[in-house]
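Visitor: If you scroll down you'll find the structure; I have some questions about it.
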Amino acid sequence: MNNSAQVKSYQEKSNEANINTVFWLRRIHKWLGLLLGLQLFLWVLSGLMFNWLDHKEVSGRYLLTTPEKSSIALQVDPTDVLKKYPNASSIQRVSRFNSEWWLIEDNNEQLLLDVVSLKSKRIAKPVIESEVNKRYPDVKIISTNLESERTLENRRFNLPVWRVDVSDEQESALYFDQYGQFLDIKTNSWRLFDIFWMLHIMDYSGRTDFNNALVIFVAAGTLFISLSGILLLFSVFKRQDFVLAGKNKRVPIQITSRNGFETEVFVRKNQTLIDALSKEGFDLPSNCGGGGTCGLCKVRLPQAEFNHQSSSFNKHQILSRNALKDGCRLGCQIDVTGAMTVELPEQVLKQQVKQGKVTASRFLTPLVKEIVLELDKGDELSFQAGEYMQFHCPEGSVELSYIQRPDFVDDYWRDNKINSLKGVRTDAIKRAYSMVDKPGRCRELTFLVRLEVPTDDSNTCGAGSSYLFSLVPGDNVSLSGPFGEFYAEQSDDEMILLGGGVGIAPLMSHIEYQLHVLNSKRKITLFYGVRDESEVLYLDKLSQLVDEFSNFQMVIALSNAKQHSRYAIGNISDVARYQYFKQHDSLPSCQFYVCGPPKMLSSTLKILSQFNVPDSKVRFDDFGSI
Amino acid sequence: MMRIKFLVRKTHKWLGLILSVQLLLWIVSGLYMTAVPLTNVHGNHLLKADDEVLLNQYSWQPISQAELEQYAPVSSVRLTSRLNQALYVLTTEQGLIYLDGETLEKVRPLTRNDIAMIAKKKFAYDAPVQSAVLLKQYPQELGGRNQPVWQVNFNAAFNASLYFHPVTGALISKRSDIWRAFDFLWMLHIMDYDERSDVNNNLLFLSALTALIFVTAGLWLLFYSFHRRNKKQVA
């Protein structure tokens, strides 16, 4: 969702409930805005017009003069009137149109009576016109009509009503009742005002009733726009917005995503983008800690220029040429020198920090452990096949000799001097591990961890892997994610999976997803390479799947087999090439998913390109490079 | 393109901050003014239907030339009635003059008891008169004209007040908290905090103009706010 407020919540590391609130506020705000925004605009526009049109000009009375009152003869005897109109409640002797009249109220009706005949008398056109001349001198009368039909202009007067049009700039019309009493003047200013009035009160036919259901309904709706907008203010404003001096020292980074998410953060200059974003709550995944070698902190700079001769490009060499052309860069290799726009992966915006407890930790081989953890308080993680989490490994160190281990591990460790190794984390670090589990919403997550042992004489082993190795049931862990781009495309094309060692982890997730969740009938072929028979992980589970699903087949290859084996011998990429690819008649239309150590990965990719498999058909998860 | 988007978003955000309270007030006051029936605001429900007052009920005599000459020039003479008596109302250059319809003497203003009685008869709710006050001039809720008026207050129907003419006892106006709230919200609506009547004030102009920019920016943002969800893409 297009949601800068979410960001704020990340910054505060606040809970999901807050994120959800903001999410819903924003939804209410924009959908009601879509529905009622136009009326809101019309209200403001018409309101502005009411303000802009001069009140006096609208009323039009400034054009008129008040005629002088003429006095009446000094003899008033209402006796005869009252005889003729016994129900009168008021009798008044007035002077009008140069003669005298009785104006009486009879049954709540006003009557103008001729003083001689005592009959109600209607006023003739010439009298009305002379009244106009009295009130509006020096103006030409265009027409004088007695209107007995309702018009928008005469809507407030009793019918019939005299309308006199005069020729002035305002195209004014003067109204008189049938007794010659002046009622009102309507001008062009008033007519314009009246149109805006109609729009303002949303009574499009009568223009009078502002208690109509439509306007009440819409006003109530806009109340929600306004309230949600005000609540959103709390999330869209950051403290930085109000620090003017600080703003000068900092530079803005506009953050976008593919689905339109937008926000702006202010960061200090002269730090790497990954650090700057991290301080603002946008944690890019990284295994190498800013070394430019793991490639996880990939971002997109929409305005980046592609100039492959530039030396700065070496820093991003882990990225493919196409990705570079597209503007992809490594967050850890970019220095913030000025304002910039960065497109972040969706997951970075949606990532959550989860807390969990280790429930099981067991050795599968002397160098591989399977770690199961359960999220705290019934929390769940929803993830897709192929995604990974970042383990937060706190500062500290691990002496491997203290790690409890079964005999077969102990033997191996003693023979290979692993006992004396030490893992040191001088700083808190993060390490990425793929979920083995069937994707969906899970409380329990399973990971495979391979202990990184030194290839030289040093006595330090992998800082992250030794930490995870040291975990025992009951230990608390915190991890963030999910991240990743190792997704399977939905299709019926054959899926060819190539995994090396613990690279089987995301592939397990993919296989389970295809077979058990999608019930896919597509052909799925797994090539799984390990060093020797003892290192084959999840053999039982995989064999069972082969038995159960006719569309799933598996080839296991051992690179380091000392004796004859029921499995193929050799590097997994070579085995796949000679045993399968060569005989395959439509290899380029298959989809490939490769996960394994760097060497295995590069040789596999090379072979695939020799078979003319297009890049777009190959997905790989590069977990080995640190 | 990108830049304009951000500019519009920024405009909406900052103007929203500045205008938030006034926008809410406009909407809340507008909602009140539309949702509460105007006739109740005017207080028509506070009054009983008029009893017919017939001049024939009272005794009176014609007004002679000699009588009128004292007040000349007279532009109109009206025979009407007040509480239990006929009354002549003369429009003269000195203003209105009230004469007893029978004696043609100048009448005295009505007493507090008279006014309370008239009010009790007019008021549609069964409630006693809480207080009756003769004000030297119209209160603000009546427009502040410089004329005396009787204010009769009830402890019912949202603190209803009826206003009567001190001499004729005619009902001048009626108010209740429904009207007072309307008037207060109207003040907030048009942002004229002194007179509550000047819609052409500069503050309103500035606010409405800013609000127009704000709303336009908001509408503009709608174009960016609805996206078809992209399928996950992988580089």
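The values are calculated or read from the model by the stated rules, or taken from the named source; none is laboratory data. Bear in mind the structure is a predicted one, so any value in this text is a computation, not a measurement. In this analysis, Cβ positions are derived from the backbone assuming ideal geometry, glycine residues included, and neighbour counts consider all displayed protein chains.
Visitor: Looking at this structure, is A:ALA561 at pLDDT below 90, buried (at least 20 other Cβ atoms within 10 Å of the Cβ) and not charged (D, E, K, R)?
Guide: On the way: at pLDDT below 90: yes; buried (at least 20 other Cβ atoms within 10 Å of the Cβ): no; not charged (D, E, K, R): yes.
Criteria not met by A:ALA561.
Visitor: Can you tell me which residue among A:SER434, A:SER458, A:SER491 is modelled with pLDDT under 90 and either in the same structural domain as A:VAL530 (by TED's automatic domain parsing) or under 23 Å from A:GLU387 (Cβ atoms) (or both)?
Guide: A:SER491
Visitor: Return a yes/no flag: does segment B:189-210 have any residue that is within 30 Å of B:ILE97 (Cα to Cα), surrounded by 14 or more Cβ atoms within 10 Å (Cβ to Cβ) and at pLDDT 90 or above.
Guide: no
Visitor: A:ALA339 fails exactly one of the following numbered conditions: (1) within 14 Å of chain B (Cβ to nearest Cβ); (2) closer than 30 Å to A:ARG619 by Cβ. What is the number of that condition?
Guide: Among (1) within 14 Å of chain B (Cβ to nearest Cβ); (2) closer than 30 Å to A:ARG619 by Cβ, A:ALA339 violates only (2).
Visitor: Filter segment A:468-483 down to residues that are modelled with pLDDT under 90 and either surrounded by 24 or more Cβ atoms within 10 Å (Cβ to Cβ) or among the aromatic types (Phe, Trp, Tyr) (or both), then give me how many there are.
Guide: 4
Visitor: On to the next question. Within segment A:424-473, track down each residue that is basic (Lys, Arg) and either assigned to a strand (DSSP E or B) or touching a Ser or Thr at 6+ places or on another chain (Cβ under 6 Å) (or both).
Guide: If the condition is that a residue be basic (Lys, Arg) and either assigned to a strand (DSSP E or B) or touching a Ser or Thr at 6+ places or on another chain (Cβ under 6 Å) (or both), then A:ARG425, A:LYS430, A:ARG431, A:ARG441, A:ARG450 are the ones that fit.
Visitor: To continue, here is another question. Name every residue in segment A:33-44 that is crowded, with 21+ Cβ neighbours inside 10 Å and more than 7 Å from chain B (Cβ to nearest Cβ), in order of residue number.
Guide: A:TRP43
Visitor: Just give me the residues in segment B:149-187 being in contact (Cβ under 8 Å) with a residue 24 or more places away in the chain and in a loop (DSSP other than H, G, I, E, B), in sequence order.
Guide: B:ASN155, B:ALA156, B:ALA157, B:ALA160, B:PRO166, B:VAL167, B:THR168, B:GLY169, B:ALA170, B:SER176
Visitor: Is it the case, given these coordinates, that A:ILE556 is loosely packed, with under 15 Cβ neighbours inside 10 Å, of a type in the set (Val, Ile, Thr) and not assigned by TED's automatic domain parsing to the domain that holds A:GLN384?
Guide: It is false that A:ILE556 is loosely packed, with under 15 Cβ neighbours inside 10 Å, of a type in the set (Val, Ile, Thr) and not assigned by TED's automatic domain parsing to the domain that holds A:GLN384.
Visitor: Name the single residue that is nearest to B:ALA170 (Cα to Cα) among those in segment B:63-76 being surrounded by 15 or more Cβ atoms within 10 Å (Cβ to Cβ) and at the interface with another protein chain (Cβ under 7 Å from one of its Cβ atoms). Break it down into steps so the answer makes sense when it comes.
Guide: Narrowing segment B:63-76 to residues surrounded by 15 or more Cβ atoms within 10 Å (Cβ to Cβ): B:63, B:67-68, B:71, B:74-76.
Applying the additional criterion that residues be at the interface with another protein chain (Cβ under 7 Å from one of its Cβ atoms) yields B:63, B:68, B:74-76.
On the way: B:ILE63: 22, B:LEU68: 24, B:VAL74: 22, B:SER75: 21, B:SER76: 19 Å.
Selected residue: B:SER76.
Residue-by-condition table, conditions (1) at the interface with another protein chain (Cβ under 9 Å from one of its Cβ atoms); (2) not basic (Lys, Arg):
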| position | (1), (2) |
| --- | --- |
| B:GLY43 | no, yes |
| B:ASP51 | no, yes |
| B:LEU55 | yes, yes |
| B:TYR58 | no, yes |
| B:ARG78 | yes, no |
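Visitor: Going by what's in this entry, would A:VAL453 be described as over 30 Å from A:LEU608 (Cβ atoms) and touching a residue at least 12 places away in the same chain (Cβ under 8 Å)?
Guide: For A:VAL453, the condition - over 30 Å from A:LEU608 (Cβ atoms) and touching a residue at least 12 places away in the same chain (Cβ under 8 Å) - is not met.
Visitor: A further question on this structure: Exactly one condition in (1) within 10 Å of another protein chain (Cβ to nearest Cβ); (2) over 30 Å from B:TYR193 (Cβ atoms); (3) modelled with pLDDT of 85 or more is false for B:ARG9; which is it?
Guide: For B:ARG9, the failing item is (3).
Visitor: In addition: Working carefully through the options A:PRO78, A:PRO67, find the one that is crowded, with 20+ Cβ neighbours inside 10 Å, modelled with pLDDT under 85 and not aliphatic (A, V, I, L, M).
Guide: Exactly one residue qualifies, and that residue is A:PRO78.
Visitor: Which residue is farthest from A:LEU233 (Cα to Cα), if the candidates are limited to segment B:203-226 and must be more than 34 Å from the chain's Cα centre (by Cα), at the interface with chain A (Cβ under 7 Å from one of its Cβ atoms) and in contact (Cβ under 8 Å) with a residue 24 or more places away in the chain?
Guide: B:TYR224
Visitor: Looking at A:SER397, A:SER311, A:SER401, which one is more than 20 Å from A:PHE483 (Cα to Cα), over 34 Å from the mean Cα position of the chain (by Cα) and at pLDDT below 80?
Guide: Numbers: A:SER397 fails: at pLDDT below 80; A:SER401 fails: at pLDDT below 80.
Testing whether each residue is more than 20 Å from A:PHE483 (Cα to Cα), over 34 Å from the mean Cα position of the chain (by Cα) and at pLDDT below 80 leaves just A:SER311.
Visitor: Being modelled with pLDDT of 90 or more, more than 15 Å from the chain's Cα centre (by Cα) and not acidic (Asp, Glu) is true for just one of B:TRP179, B:TRP186, B:TRP150. Which residue is that?
Guide: None of the others qualify; the one that does is B:TRP150.
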